[in-house]
Amino acid sequence: MSFFAYKNGEMHAEGVALAQIAAQVGTPFYCYSAGALRAGWQEFADAIKGMNAPHGASICYAMKANSNLAVIRLFGELGAGADIVSVGEMKRALAAGIAPGRIIYSGVGKKPSELMAALQAGVGQINVESSHELETLNAVAGQLGVKAAITIRVNPDVDAKTHAKITTGRKENKFGIDIDLARDAFALAGRLPNLDVVGVAMHIGSQLTSVDPYRDAIVRVRELIGQLRQDGHSIERFDIGGGLGIVYADEKPPSIADFMSVVKRETEGLGCELTFEPGRRLVGEAGVLVSEVILVKPGAAKTFVIVDAAMNDLIRPTLYEAWHDILPLRQPRPDAATIRCDIVGPICESGDFLAQNRDLAPLSAGDLIMVRSAGAYGAVMASSYNSRPLAPEVMVDGTRFAVTRPRPTIEEMLSAERFPPWMEPTKA
Ligand code: LLP
């Protein structure tokens, strides 16, 4: 079932016409379908049901993909924990109602103050990525008089076959501890009195469209787990990370069921509780970015459709050469002629584009468009470059919709700033 579809020639999110939201909220805005979020969750929930008994499997939503409070709460109510990478994300997870014990704290560079905040809040698991972090965490836990439950994230050196900027499991990447050095790191962790080593973690990359790299990585980590147990460590958990891809153009990512059946086969008899940290797969296709055409500018080489969303709202096209589908909110006639165009924003940079060389039915000023698969790494990567206010986020559920993060006014944005005391006050 598609949660974004034309009905009577008008694009709807579930039961609400996106043009109706645009009229009320203004453009640009992100729109998330609660139905699509639930359906995405259900696919995971079904696939892990009864899996890996008696140790079980659980899902911690990687909220870096979309940290809107309403989105986190929706997943939390369905049973998700959270995978976080900062204290800011931790506070969001807690504010959205995630129990601290269901939070996993990942990240390659955690500050002592952040580790302290995480331990004080009682996060369930910290995924440590370096010997330095082991020592720091041990010291912080000692100060607090607690034991920190940790896994060590290993870097299995497999090629996830995705974009270079979102590959994380190669030797060249900054993430995790080289799998060949992992036994030493576990030995160190075992000697540190304030750490409770509970398992191993990995995350090999993002937007993976094949299960093969997961299989290769699991095989390597499985072997490591055997060695670690021989070394006397009790390895109870295996955190497999996130990374499952979605459809932007014509990718064919594996179904969750197929992915899980490979994981199941490769971890059979391992005797570990499994954790998954999906982000994009849960939210990516459940969100769109809606924008209005400001003007159409015929150029010597091609036509530029200048819209009111820009690279500050969705940086993926210019940062990763990412392809996002663009659709007009009013359904074009099937026989409509197309023109070749670039969909660009108003920002003063040539890298400010949402799509290039697209063949679209002609657009004109005032028309509305949507950018698909913008639910992941859209709003969370936005900035207010060019003093553009962050675009609001809207959630649709059936025939209802609500703004879950309003657009700030320029005055609100300015009020966050201060003049140094030595400057003359501005004269009104
Ligand atoms: N776990 C860890 C430790 C991660 O670093 C990530 C993503 C995830 C889980 C979730 O991965 P996902 O299931 O969403 O692929 N901004 C980029 C993606 C960066 C991903 C960073 N880490 C993009 O727009 O493609």
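The values are calculated or read from the model by the stated rules, or taken from the named source; none is laboratory data. Just so it is clear, the model here is predicted, and its values are computed rather than measured. For neighbour counting, all protein chains shown are included, and Cβ atoms are generated from backbone atoms with ideal geometry for every residue, glycine included. Surface areas here come from the heavy atoms of the whole protein model, side chains and all, with no ligands, DNA or RNA. Shrake-Rupley method; radii C 1.70, N 1.55, O 1.52, S 1.80 Å.
Report the Cα centroid-to-centroid distance between region 41-89 and region 131-209 in angstrom, as an integer. Going from one Cα centre to the other spans 21 Å. Using equal-weight Cα scatterers in the Debye expression, the normalised intensity of region 271-428 in log10 at q = 0.11 Å⁻¹ is -0.55.
Each pair of Cα atoms in region 166-315 enters the Kirkwood radius, and Stokes-Einstein at 4 °C and 1.567 mPa s then converts it into a translational diffusion coefficient of 70 µm²/s. The Cα atoms of region 82-147 cover 31, 24, 16 Å along the three principal axes, with the biggest extent listed first. In sequence order, region 315-321 has phi-based couplings of 8, 4, x, 7, 7, 10, 6 Hz under the Karplus curve 6.51 cos²θ - 1.76 cosθ + 1.60, θ = phi - 60°, and Gly or Pro positions carry x. Across all Cα pairs in the chain, the calculated P(r) in 10 Å bins from zero up to the longest distance comes to 4, 20, 28, 23, 15, 7, 2, 0 percent per bin.
Mind checking which of 137, 350, 169 is farthest towards the positive end of the chain's charge dipole, using Cβ charges of +1 (Lys, Arg) and -1 (Asp, Glu) about the Cα centre? It is 137.
Near the amide H of residue 81, within less than 5 Å, lie the amide hydrogens of 59, 60, 61, all on another chain or at least 5 residues away, with H placed in the peptide plane.
Relative to the dominant Cα principal axis of the chain, helix 131-144 is inclined by about 80°.
Based on alpha-carbon atoms, the Kirkwood radius and the radius of gyration of region 265-350 give Rg/Rh equal to 1.19.
The 3J(HN,Hα) values that the Karplus relation (6.51, -1.76, 1.60; θ = phi - 60°) gives for region 44-55 are, in residue order, 5, 4, 5, 5, 9, 4, x, 6, 6, 4, x, 7 Hz. Gly and Pro appear as x. Sorting the segments 71-77, 51-57, 307-313 by their residues' average number of neighbouring beta-carbon atoms within 10 angstrom, most packed first, yields 307-313, 71-77, 51-57. Once the Cα atoms are used to define both axes, helix 112-121 deviates from the longest principal axis of the chain by about 80 degrees.
Return the calculated 222 nm mean residue ellipticity for the chain, to the nearest 500 deg cm²/dmol, obtained by summing -39500 (n - 2.57) across DSSP H runs with n ≥ 4 and dividing by the residue count. Working shown, then result.
Numbers: 12 runs with 122 residues, N = 428.
Dividing the helical sum by the residues of the chain leaves -8500 deg cm²/dmol.
Remark: accessible surface ordering of 252, 147 (largest first) is 252, 147, probe radius 1.4 Å. Relative to the longest principal axis of the C-alpha atoms of the chain, give the angle of the C-alpha long axis of helix 256-267, reported between 0 and 90° and rounded to the nearest 10°. Between the helix axis and the principal axis of the chain, the angle is about 20 degrees. Close amide-amide hydrogen proximity is noted between residue 149 and 126, 196, each under 5 Å apart and 5 or more residues distant or on a separate chain (H modeled in the peptide plane; Pro and chain starts excluded). Taken along its principal axes, the alpha carbon cloud of region 34-280 reaches lengths of 49, 39, 37 Å, longest axis first.
The value of relative contact order for region 34-280, using C-alpha pairs under 8 Å at least six residues apart, is 20 percent.
Computing the accessible area with a 1.4 Å probe over protein heavy atoms, can you report the carbon and sulfur percentage for region 34-280?
Details: 4820 of 9730 Å².
Answer for region 34-280: carbon and sulfur cover 50 percent of the accessible area.
Of all DSSP bridge pairs formed entirely within the chain, close to 50 percent run antiparallel.
Shown in residue order for region 80-94 are the 3J(HN,Hα) couplings computed by the Karplus curve 6.51 cos²θ - 1.76 cosθ + 1.60 at θ = phi - 60°: 7, x, 9, 9, 10, 10, 7, 5, x, 5, 4, 5, 4, 4, 5 Hz (x for Gly and Pro).
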